[in-house]
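Novice: I have a structure here, written as structure tokens, and I will follow up with some questions on it.
The values are calculated or read from the model by the stated rules, or taken from the named source; none is laboratory data. In this text, all values refer to a predicted model and were calculated from it rather than measured experimentally. Heads up, the Cβs are rebuilt from the backbone with ideal geometry, glycines too, and the neighbour counts pull from every protein chain shown.
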Amino acid sequence: MLGALIFIGISASTTVTAQTGPTPEKLRRGEYLASIMDCGGCHTPGIFLGRPDAKRILAGSEVGFHIPGLGVFFPPNLTPDRETGLGSWSEADIVKAVREGTRPDGRTLAPAMPYKSYGRLSDADAFALAAYLKSLKPIPNRVPVIAGPSEKATGPYLSVVMPQ
């Protein structure tokens, strides 16, 4: 009986380690998810100007979204740069942001971020995406700060215009 208990304990421990490690398969899955979720479609410099910077993919956008009544939001740097990106975020922080739209500091992400759809990601997929983002080369790129509805944006932005 004791042998079975020890085996179960070792098996559970091994399983947890295998799930949390950034295996090549996990990173490939995360890269695939970042691609089909079109993360680069917002979070790449130059993307909204028709000139995406292939050397700074996922390093954040200098062009934001103006959402009436809410302000101007700039897609942030998703690389693991400690000063301007996700370098200080844990994989769990990234998963929470992707699924729930909440940053580690408690602020809400831009409403343009489709976190309600991404909230349906499985644990395996959400953590694969996070592991992939953490594995990227850190690229320093500070994007303009979010501007509230009564504040002046510090960078160019696209506006949402409601049809009349």
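Novice: When you check ASP125 against the structure, is it crowded, with 18+ Cβ neighbours inside 10 Å, more than 30 Å from PRO163 (Cβ to Cβ), touching a helix residue (DSSP H, G or I) at 6+ places or on another chain (Cβ under 7 Å) and charged (D, E, K, R), yes or no?
Specialist: yes
Novice: Can you find a residue that is closer than 20 Å to ARG29 by Cα and either of a type in the set (A, V, I, L, M) or buried (at least 18 other Cβ atoms within 10 Å of the Cβ) (or both) anywhere in segment 137-153?
Specialist: No.
Novice: While we're here: Check GLY60, GLY106 and return the single one that is small (Gly, Ala, Ser), assigned to a loop (DSSP other than H, G, I, E, B) and either touching a strand residue (DSSP E or B) at 6+ places or on another chain (Cβ under 8 Å) or closer than 23 Å to SER159 by Cα (or both).
Specialist: GLY60
Novice: Only one residue in LEU78, LEU70, LEU109, LEU86 is of a type in the set (A, V, I, L, M), at pLDDT below 95 and under 13 Å from the mean Cα position of the chain (by Cα), so which one is that?
Specialist: LEU109
Novice: Still on this structure: What are the residues in segment 63-83 that are touching a residue at least 60 places away in the same chain (Cβ under 8 Å), surrounded by fewer than 18 Cβ atoms within 10 Å (Cβ to Cβ) and part of a loop (DSSP other than H, G, I, E, B), if any?
Specialist: Passing the criteria: PRO68, GLY69, LEU70.
Novice: Can I ask one more? What is the residue count in segment 139-164 for residues that are part of a strand (DSSP E or B) and not aromatic (Phe, Trp, Tyr)?
Specialist: Qualifying residue count for the region: 3.
Novice: If you take the residues in segment 85-109 that are without any contact (Cβ under 8 Å) to a residue 12 or more places away in the chain and among the basic types (Lys, Arg), which one is farthest from LEU136 (Cα to Cα)?
Specialist: So, considering only residues that are without any contact (Cβ under 8 Å) to a residue 12 or more places away in the chain and among the basic types (Lys, Arg), the one farthest from LEU136 (Cα to Cα) is ARG107.
Novice: Could you please let me know if LEU86 is surrounded by 14 or more Cβ atoms within 10 Å (Cβ to Cβ), in contact with a helix residue (DSSP H, G or I) (Cβ under 8 Å, 6 or more places away or on another chain) and in a loop (DSSP other than H, G, I, E, B)?
Specialist: So LEU86 passes the test.
Novice: Quick one: what pairs do we get from segment 111-138, first residue assigned to a helix (DSSP H, G or I), second among the polar types (S, T, N, Q), C-beta under 8 Å, 6+ apart or different chains?
Specialist: Within 8 Å, the pairs are ALA124/GLN19; PHE127/GLN19; PHE127/THR20; LEU133/THR79.
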